[in-house]
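Structure first, commentary second.
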């Protein structure tokens, strides 16, 4: 019993979730929602109108029994036929609007999900429980249209019951035969439209898979950093809008044709039914049938009973569906902690003093031990700094703090003497070019993979090719069957996967494409062979010329090109200086260098 009570309370409590979802539905297509409500209201009132007309017919027949068919009676029969025809067309129109609304709602909520996910803190993506919620939110974002349709159906049933709207009594097997004979053509045509819809859905499969990929790409831990720094969310949203718009247009066109064709056949069905009905009225007027055969009372009672049962069943279904909305609404309720203030400053152009870490300490959420402790250093304009140390010593954390993907637990990070938190975060990211060690491999064309470095210029092919030439990615692209238009990865038909080194050259091209004031390279040559690494080094000076550069690498051949090297151990900066200085000091750097150099002797 307590469990039953808890379930009931949970179902009742979940009803508060309905209003936010209805708001999303309204926002997805106000005109479609309003039209759906108007048509459902009209459809709910049609049966009561038919019942009223039928009563008038019965009264007319009773009053003029034996006198034949009057013009008044023929008029009433025609009016009832018109009402039933309108009802059949309204049913088709509601089905059509349901399909359109489902597509619009799914599209709208998916775009909301991509947009909201792009604004969340990086720390959010590193919380395992968040990913479970995110996955459920993804599913719920597209599945809850069933609940919305049930709510609309419930309202229609409620109006029907309230107005005693009932179906029409079938008089005899002959009338049933007439209805069936007229409905067969409609059923055949509807089957044809169903086959066409299946074929259309089959054609849409590649696009829907790409939409699913874009949804994942726009809200995943793997791509979160680059989406933020490169400002890719608008680009992904635009691509999603385009593909989903094409599907929406195709679906609307298909169901528009189905609506028109099946509406005409609905008229045929009504004509066959009312031909038989008119015949029954004619026979009754001649006294050959009893008035009881014309009365709709029994049918009205049965229909009302059925509608009431359906209404309660629908209400229970709506409440059950509402239970599954919690995670979607909880996802949209998550707000970023790292965001720009109302009076945020623009990043200086050019940056004059550079960045400064002042006694910065940082601990990841849920951890007590700091990953970075008391770090202090400067990065001046035009200076190249390398960070080295064993894994887990805080190198990548410094990069994340520098780009304000996180805020320090204590201490300050300054840009031109001003706390980094005072600047507009989007403007800061606009001035940062970064290639992470775990860079994203976008399953898009080669051109788009490079263009993400400066996505607002993705249509400038000359700029893309120039960046590819500088990073040596042009040699990769030249070997692709379709060149820059080649789809990369194996997710989609015709896609070509690349080796780790080839992907890294594509990622390096993004850095050239970015042309930002601060360049961050996290293991930029890790996947390259020795010859390719040497070629990249020859161009490294060009890439970093006049820029601030922060380089993370385990290869000392790369590190020694930096103006200054910071050695991290246990989250602290334990050594600092130029390559030759650090070798001469005989500390940890010199030891690591000798260990690596010994491999090549």
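Every read-out reported here was derived from the displayed coordinates using simple, explicitly stated rules and does not represent laboratory data. All values derive from a computational prediction rather than experimental measurement. For neighbour counting, all protein chains shown are included, and Cβ atoms are generated from backbone atoms with ideal geometry for every residue, glycine included.
The simple Förster model, with R0 at 60 Å and r as the Cβ-Cβ distance, assigns residue 574 and residue 26 a FRET efficiency of 0.50. Residues of the stretch 410-453 with amide nitrogen under 14 Å from the 7 Å Cα-to-Cβ point of residue 378? Inside the label zone: 414-418. The modelled label-to-label distance for the pair residue 424/residue 456, using points 7 Å beyond Cα in the direction of Cβ, is 0.9 nm.
Modelled spin labels at residue 329 and residue 542, positioned 7 Å past Cα toward Cβ, are 5.7 nm from each other. Here the spin labels are modelled as points 7 Å beyond Cα on the Cα-Cβ line, and at residue 119 and residue 491 they lie 2.4 nm apart. Among 493, 212, the order by Cβ neighbours within 10 angstrom, fewest to most, reads 493, 212. Fully extending the segment from residue 246 to residue 409, taken as 0.36 nm per residue of separation minus the present Cα-Cα distance, adds 54.0 nm.
Mind jotting down the distance between the C-alpha centroids of the stretch 396-455 and the stretch 341-394, whole Å? Going from one Cα centre to the other spans 12 Å.
How would 163, 244 line up from fewest to most surrounding beta-carbon atoms within 10 angstrom? Mind dumping the intermediate values first?
Values: 163 15, 244 22.
The fewest-first ordering by Cβ neighbours comes to 163, 244.
Sorting the segments 484-490, 446-452, 231-237 by their mean number of nearby beta carbons within 10 angstrom, highest to lowest, gives 446-452, 231-237, 484-490. Counted residue by residue at 0.36 nm each, then reduced by the alpha carbon distance between them, the extension gain from residue 267 to residue 390 reaches 36.5 nm. For residue 515 and residue 146, the FRET efficiency from 1/(1 + (r/R0)^6), where r spans their Cβ atoms and R0 equals 51 Å, is about 0.55. Listing 470, 346 from fewest to most neighbouring C-beta atoms within 10 Å gives 346, 470.
Calculate the FRET efficiency for residue 482 and residue 200 from the Cβ-Cβ distance with a Förster distance of 25 Å, rounded to the nearest 0.05. Once the sixth-power term is evaluated, E becomes 0.35.
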